[in-house]
Amino acid sequence: DDEVSFSYWTEAFRNYKPYNVSRYNGARKGLVSDADMAAIGLSPGEIRILRANALKESGGAFGAINTWDNQIVSWGMAQFAGLAGTLAVLLARLAEGEQTLESFQRWFLAQGIAVERGPYPWKDGTTKKGWHVVITGADGKVHRGNEGWEHIRTQPLLIGAFLLAGNDPAIQLGQIDFWCNGFLRRAIDK
């Protein structure tokens, strides 16, 4: 029952670069309650910080995608970043999570979007080691790391998979849990 639509920037747009997602329609907001967040371990204070801070980044749209800055692809409520690696780590957590595995398989794996840990091409001909995206294209070609993120930008079906995944309450809670543990609590601990 989900439907999303988006457009790429037009050539008339200043600072035009091909395959930059402009806007999208169909974001489903308000699917996760404070009680849902408390059930996965967020305190009332953490929930308030989440609502005041992280959800401002995307206007509360968990499927929000950015393909125009140097992160190649950023996605989600806090714009987890492709180049920086946080998006691949988030996807890995969604793929491993008991509450998110089924949704990850439906929205990502079924479309040829996977993640692996190991060496991958990064930027300027260098290689990094860690979690990275692995895309299997319709032609069977495999795209890893930054090449994978670049491939996603050019494929409306894959952009749509991210947008639709953001409308799944399990994916939303997975993003919230990842943000709280990976960002908020680490900042508080420092």
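Tabulated data for the structure shown
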{"item": "Which numbered condition Ala78 misses (of (1) more than 13 Å from Gln175 (Cα to Cα); (2) modelled with pLDDT under 95)", "result": "(1)"}
{"item": "Extreme residue, surrounded by the fewest Cβ atoms within 10 Å (Cβ to Cβ), among residues of the stretch 124-141 that are part of a strand (DSSP E or B) and basic (Lys, Arg)", "result": "Lys129"}
{"item": "Which numbered condition Ala165 misses (of (1) of a type outside the set (Asp, Glu); (2) closer than 17 Å to Val115 by Cβ; (3) in contact (Cβ under 8 Å) with a residue 40 or more places away in the chain; (4) open to solvent by 60 Å² or more (accessible area, probe 1.4 Å))", "result": "(4)"}
{"item": "Filter result (more than 22 Å from Asp124 (Cβ to Cβ), open to solvent by less than 10 Å² (accessible area, probe 1.4 Å) and of a type in the set (A, V, I, L, M)) within the stretch 62-79", "result": "Met77"}
{"item": "Counted residues, the stretch 116-144 - those being over 17 Å from the mean Cα position of the chain (by Cα) and among the aliphatic types (A, V, I, L, M)", "result": "2"}
{"item": "Of residues in the stretch 105-145 being in contact (Cβ under 8 Å) with a residue 24 or more places away in the chain, among the hydrophobic types (A, V, I, L, M, F, W, C) and touching a Lys or Arg at 6+ places or on another chain (Cβ under 8 Å), the one farthest from Asp168 (Cα to Cα)", "result": "Trp122"}
{"item": "Options Gln175, Gln99, Gln111, Gln105: the member that is among the polar types (S, T, N, Q) and open to solvent by less than 10 Å² (accessible area, probe 1.4 Å)", "result": "Gln175"}
{"item": "Members of the stretch 85-123 found to be assigned to a loop (DSSP other than H, G, I, E, B) and β-branched (Val, Ile, Thr), listed by number", "result": "Thr100"}
{"item": "Unmet criterion (only one of (1) open to solvent by 60 Å² or more (accessible area, probe 1.4 Å); (2) at pLDDT 95 or above; (3) under 21 Å from Val142 (Cα atoms)) for Ala92", "result": "(1)"}
{"item": "Subset of the stretch 142-158 [polar (S, T, N, Q), more than 15 Å from Lys128 (Cβ to Cβ) and part of a helix (DSSP H, G or I)]", "result": "Thr154"}
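Here is a yes/no grid of residues against (1) within 16 Å of Gln79 (Cβ to Cβ); (2) open to solvent by 40 Å² or more (accessible area, probe 1.4 Å):
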residue	(1), (2)
Asp2	no, yes
Phe13	no, yes
Tyr16	no, yes
Ser33	no, yes
Ala39	no, yes
Ser43	no, yes
Ile47	no, no
Glu57	yes, yes
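The values are calculated or read from the model by the stated rules, or taken from the named source; none is laboratory data. Quick caveat, the model's predicted, so the values are computed rather than measured. A quick note on method: Cβ atoms are made from the backbone with ideal geometry, for glycine too, and the neighbour counts reach across all protein chains shown. Note: areas computed on protein heavy atoms with side chains; ligands, DNA, RNA excluded. Shrake-Rupley method; radii C 1.70, N 1.55, O 1.52, S 1.80 Å.
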